């Protein structure tokens, strides 16, 4: 192999690595299909919080409809950009044959978690805002808006 060919292969490999690293994981990486199901779904609510009482909570049947509308983020961005309200849902789901516990919060987020992973999904798009009374305090780059 000539030096020119080797340099070309290194450049192509480097470019592919940059592309792979720059692609942000999205909720499309979780495949919701007919085997996906909600096992438990219970309301968590502060009965003295007027904002929670006014929230039109998504129904259990809408749980998997929400996912294509959400963005995947890091725990750092979730913690810095999204509020933790005193109302939402907790439960268990099966996705791709894997069991997850979940929290869906009026603050505009869903967390899926089990012993192996913790996945953060947040509402930034207009289409998902009908499910949440509050959404991100940051722009799409994670910069705080207030």
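The values are calculated or read from the model by the stated rules, or taken from the named source; none is laboratory data. What you are looking at is a predicted structure, and each value in this text was computed from that prediction instead of being measured. As a convention, Cβ positions derive from the backbone with ideal geometry for all residues, glycine included, and neighbour counts pool all protein chains shown.
Cβ separations smaller than 6 Å between residues 6+ apart or across chains give the following pairs from segment 29-54 residues that are more than 11 Å from residue 106 (Cβ to Cβ) to residues that are in a loop (DSSP other than H, G, I, E, B): 31/96. Report whether or not residue 65 is out of contact with any helix residue (DSSP H, G or I) (no Cβ under 7 Å at 6 or more places or on another chain), in contact (Cβ under 8 Å) with a residue 24 or more places away in the chain and surrounded by 11 or more Cβ atoms within 10 Å (Cβ to Cβ). No: the conditions fail for residue 65. Return a yes/no flag: does segment 124-137 have any residue that is in a strand (DSSP E or B) and either in contact with a strand residue (DSSP E or B) (Cβ under 6 Å, 6 or more places away or on another chain) or closer than 14 Å to residue 70 by Cα (or both). Scanning segment 124-137 turns up no residue that is in a strand (DSSP E or B) and either in contact with a strand residue (DSSP E or B) (Cβ under 6 Å, 6 or more places away or on another chain) or closer than 14 Å to residue 70 by Cα (or both).
Conditions tested, residue by residue: (1) modelled with pLDDT under 85; (2) surrounded by fewer than 13 Cβ atoms within 10 Å (Cβ to Cβ).
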{"residue": "35", "(1), (2)": "yes, yes"}
{"residue": "51", "(1), (2)": "yes, no"}
{"residue": "81", "(1), (2)": "yes, no"}
{"residue": "111", "(1), (2)": "no, no"}
{"residue": "133", "(1), (2)": "no, no"}
{"residue": "145", "(1), (2)": "yes, yes"}
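Tell me yes or no: at least one residue of segment 9-30 is closer than 19 Å to residue 131 by Cβ, at pLDDT 80 or above and in contact with a strand residue (DSSP E or B) (Cβ under 7 Å, 6 or more places away or on another chain). The answer is no; no qualifying residue exists.
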